[in-house]
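See structure below.
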Amino acid sequence: MFATAILKLPELPSDPKDERVYDLNPLRQKGFDFVYDAGSGIQDVAVKKLRLSSKVKKGDRITLEADAIHNPDAVYELLDKVGKSIPLHLYNVTQVELTASVVVDTNKPPKAVTIRITHPNSCSLKYDELDLKLRDMLSASGIEPKEPAEANEAVEAAET
């Protein structure tokens, strides 16, 4: 009824499918650099959670979570320990959780913001002023969603 009365359409159109894909595998590297403008208010960004999904057996996953506030490399230290007993090259990163410290008000301490990104194209950030700054950081850091052909090329390059 809404479609015919308000929109003057015979029926509601189907939702367009978002074909873009986040490339999360670069976040597996301890030396990954997040890129952001000095004036953005972002002070630092750290990976606090990685979910790895098997390339071989569907449904097999490993989730690593560590305290990134006190040690920004904690999740990578945990990944190194796990990598001694599991062939991690057989896994793709399918979810990351980041923590970002952002100055919102100069009279207050930085705000801790959690960002969850899940493959293929889900992100917990909204589109308010603060979250748009964080989305710009993801884009500048090369994590933004890419069209499927670009994403496949990035995954293949990461595997070699």
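The values are calculated or read from the model by the stated rules, or taken from the named source; none is laboratory data. Quick caveat, the model's predicted, so the values are computed rather than measured. Please note: Cβ atoms are built from the backbone with ideal geometry, for glycine as well, and neighbour counts cover all protein chains shown. Accessible surface areas use protein heavy atoms only, side chains included; no ligands, DNA or RNA. Shrake-Rupley method; radii C 1.70, N 1.55, O 1.52, S 1.80 Å.
Regarding the stretch 29-44, can at least one residue be identified that is surrounded by 13 or more Cβ atoms within 10 Å (Cβ to Cβ), without any contact (Cβ under 8 Å) to a residue 24 or more places away in the chain and over 20 Å from residue 145 (Cα atoms)? No; the residues of the stretch 29-44 include none that is surrounded by 13 or more Cβ atoms within 10 Å (Cβ to Cβ), without any contact (Cβ under 8 Å) to a residue 24 or more places away in the chain and over 20 Å from residue 145 (Cα atoms). Counting only strands (runs of 3 or more DSSP E) that sit wholly inside the stretch 57-120, those with at least 2 residues that are closer than 23 Å to residue 141 by Cα and among the aliphatic types (A, V, I, L, M) are 91-102, 111-118. Residue check: residue 56 meets all listed conditions (1) within 17 Å of residue 94 (Cβ to Cβ); (2) modelled with pLDDT under 85; (3) surrounded by fewer than 12 Cβ atoms within 10 Å (Cβ to Cβ); (4) not polar (S, T, N, Q) but one, namely (2). Going through (1) over 19 Å from residue 59 (Cα atoms); (2) over 10 Å from the mean Cα position of the chain (by Cα); (3) open to solvent by less than 60 Å² (accessible area, probe 1.4 Å) one by one, residue 82 falls short only on (1).
If the condition is being more than 21 Å from residue 49 (Cα to Cα) and either in contact with a Ser or Thr (Cβ under 7 Å, 6 or more places away or on another chain) or of a type outside the set (Phe, Trp, Tyr) (or both), then the stretch 111-132 contributes 128, 129, 130, 132.
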